Amino acid sequence: MRRTAALLLVAALGLVAAAPAGAFDRKPVTLRDLTPDNFGYSTTAGEREVRRSYYRTAERIYCVGVIMHGAERDSSWVLALTRYWDKLMCAAVVSPTTAHVFVLDAKKNTRVVYRHRTVAL
């Protein structure tokens, strides 16, 4: 649990400190204990969904793809010119000193947020 919290904190700081980047400039993160479900978002659509459904007033939202340890081949796929990710790790900066970091998981008709942590910047 401590290792997971430490990894999420490091990832949060990296996500928040990163300059705004296009989807092609984002390096995915690897997480354990996740299973694919074959529903997903592009990074842009995931960020839009986070703003629309969870953090309307966030100063900044940044998502990167998640490579699921043990299910690397099912972690993402390309359709036309867009890469979709089964899971996204997102950070929402809600104030100059606070961010929320979580995994966004698309489902057939909805979405799920888990591994949610609030971090001080």
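The values are calculated or read from the model by the stated rules, or taken from the named source; none is laboratory data. Predicted model, so just to flag it, every value in this text is computed and none were measured. Note that we place each Cβ from the backbone using ideal geometry, even for glycine, and neighbour counts take in every protein chain shown.
Quick look at the numbers
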{"read-out": "Region 94-113, residues that are of a type outside the set (A, V, I, L, M, F, W, C) and touching a Leu at 6+ places or on another chain (Cβ under 9 Å)", "value": "Ser95, Pro96, Thr97, Thr98, Asp105, Arg111"}
{"read-out": "Residue among Val78, Val66 that is of a type in the set (Val, Ile, Thr) and crowded, with 18+ Cβ neighbours inside 10 Å", "value": "Val66"}
{"read-out": "Any chance Phe24 is surrounded by fewer than 16 Cβ atoms within 10 Å (Cβ to Cβ) and modelled with pLDDT of 95 or more", "value": "no"}
{"read-out": "Every residue from region 47-87 that is in a loop (DSSP other than H, G, I, E, B) and within 15 Å of Lys107 (Cα to Cα)", "value": "Ser75, Asp86"}
{"read-out": "Residue in region 92-112 that is nearest to Arg52 (Cα to Cα), counting only those that are free of Cβ contacts under 8 Å to residues at least 12 places away in the same chain and out of contact with any strand residue (DSSP E or B) (no Cβ under 9 Å at 6 or more places or on another chain)", "value": "Thr110"}
{"read-out": "Tally, over region 41-50, of residues that are under 10 Å from Tyr84 (Cβ atoms) and surrounded by fewer than 23 Cβ atoms within 10 Å (Cβ to Cβ)", "value": "2"}
